[in-house]
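Below is one structure, written out as structure tokens; comments come after it.
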Amino acid sequence: MEEPRDFLSGLIVGGLIGAAFGLLFAPEPGDRTRERLRRQSEEWGSRAREQADRVAERVRETAGGVAEQVRERADEFATKARNSADDVIKRGRDTFDEKTEQLRRAFEDGRDSTKGRSRERRSPEGSEG
């Protein structure tokens, strides 16, 4: 973006300098030359301001487009991150529920096994007595 701006600035400055020298060395009286120089400088100044306004508008449009793209990409990233987090949480819950169920079954199997052994021990003693 620097090169076009530098080129344009150089072109404008060079044009102004060339016009000034051309007017200074023109075969006219000093009053007319000064008046012509003043008008020419006002015209060139006006053109320079118009060009600067056009360039500024293009920069604003480009910056607005870039900002919109950044917002869209950020929204996409946030959505993907949210979906990934939801997937991780769901898998974590599923794993937790699975392990909890395995632990519950192991506890119940152990409890049932312990009850069965205590019944076996009590049954022979109770029948003999």
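The values are calculated or read from the model by the stated rules, or taken from the named source; none is laboratory data. Keep in mind it's a predicted model, so treat the numbers as computed, not measured. In this analysis, Cβ positions are derived from the backbone assuming ideal geometry, glycine residues included, and neighbour counts consider all displayed protein chains. Heads up: the accessible areas ignore ligands, DNA and RNA and are worked out on the full protein's heavy atoms, side chains in. Shrake-Rupley method; radii C 1.70, N 1.55, O 1.52, S 1.80 Å.
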Check on E57, open to solvent by less than 90 Å² (accessible area, probe 1.4 Å) and of a type outside the set (S, T, N, Q): yes
Tally of residues being at pLDDT 85 or above and either loosely packed, with under 11 Cβ neighbours inside 10 Å or hydrophobic (A, V, I, L, M, F, W, C) (or both) across the range 41-54: 8
Taking first residues from the range 34-55 that are under 23 Å from R5 (Cβ atoms) and second residues anywhere that are basic (K, R), the pairs with Cβ under 8 Å that are 6 or more apart or on different chains are V55/R5
When you look at A63, is it open to solvent by less than 70 Å² (accessible area, probe 1.4 Å), assigned to a helix (DSSP H, G or I), modelled with pLDDT under 90 and not acidic (D, E), yes or no? yes
Take the conditions more than 30 Å from S9 (Cβ to Cβ), surrounded by 10 or more Cβ atoms within 10 Å (Cβ to Cβ) and modelled with pLDDT under 90 and apply them to G92. Does it pass? no
Restricting the range 9-29 to residues that are open to solvent by 50 Å² or more (accessible area, probe 1.4 Å) and in a helix (DSSP H, G or I), which is modelled with the lowest pLDDT? L24
